[in-house]
1. Going by the conditions given, is R85 assigned to a helix (DSSP H, G or I) and touching a strand residue (DSSP E or B) at 6+ places or on another chain (Cβ under 7 Å)?
2. Return only the number of the condition from (1) touching a residue at least 40 places away in the same chain (Cβ under 8 Å); (2) in a strand (DSSP E or B) that E62 does not satisfy.
3. Quick one: in segment 35-47, of everything that is in contact (Cβ under 8 Å) with a residue 12 or more places away in the chain and not aliphatic (A, V, I, L, M), which residue is surrounded by the fewest Cβ atoms within 10 Å (Cβ to Cβ)?
4. Tell me, yes or no, whether segment 15-34 has at least one residue that is crowded, with 18+ Cβ neighbours inside 10 Å, among the basic types (K, R) and not in a loop (DSSP other than H, G, I, E, B).
5. Answer yes if at least one residue in segment 67-81 is surrounded by 14 or more Cβ atoms within 10 Å (Cβ to Cβ), assigned to a loop (DSSP other than H, G, I, E, B) and among the polar types (S, T, N, Q), and no otherwise.
6. Only one of these is within 13 Å of L115 (Cα to Cα) and charged (D, E, K, R): R50, R54, R58, R85. Name it.
7. Can you go through R37, R50, R54 and tell me which one is out of contact with any Leu (no Cβ under 8 Å at 6 or more places or on another chain) and not β-branched (V, I, T)?
8. Could you please find all residues in segment 82-125 being surrounded by fewer than 18 Cβ atoms within 10 Å (Cβ to Cβ), at pLDDT below 90 and aliphatic (A, V, I, L, M)?
Amino acid sequence: MLSPGGKRRRVCLAKDCGALLGFACVLLDEEPAWGARLDNIHVRPAYKGRGTGRLLFRSAAEWVSSSEPQWPMHLFVFEANHSARRFYEALGGKVVEQYTQKTPAGVVVPSLRFLWQKPRTIPNL
């Protein structure tokens, strides 16, 4: 599904019987030097561990690969979010940068940038 704003961003939805289970948002032009940015990926807590996140991630990666075949894909995660880090590592992501980021609430949080050089090659889990 394309989101408002055109062909250079995409929102992928996971639904079951009309209920929203999760979503992922990919931006192609946010930081093109790093490739496409997976800006958001969220799964309702009751559906974590059931493959919903993997399906959303794979859908995002396939769209990036079809839109910009040579581009990598990256995302940011809070360093303290160990479950998300394990998830991204299991999908073949590599930490390529550590930095601090300011949240909308003004809190400075240590963060990591994960990178997938070839999003199309993300392993099946």
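The values are calculated or read from the model by the stated rules, or taken from the named source; none is laboratory data. Since this is a predicted model, take the numbers as computed values, not measurements. Counting neighbours? That spans all protein chains shown, and the Cβs are built from the backbone with ideal geometry, glycine included.
1. In short, yes.
2. All conditions pass for E62, except number (2).
3. Ranking the qualifying residues of segment 35-47, first place goes to R44.
4. So far as segment 15-34 goes, no, none of its residues is crowded, with 18+ Cβ neighbours inside 10 Å, among the basic types (K, R) and not in a loop (DSSP other than H, G, I, E, B).
5. yes
6. R85 is the lone residue from the list that is within 13 Å of L115 (Cα to Cα) and charged (D, E, K, R).
7. Matching residue, one of R37, R50, R54: R50.
8. Once the filter is applied, which keeps residues that are surrounded by fewer than 18 Cβ atoms within 10 Å (Cβ to Cβ), at pLDDT below 90 and aliphatic (A, V, I, L, M), segment 82-125 yields only L125.
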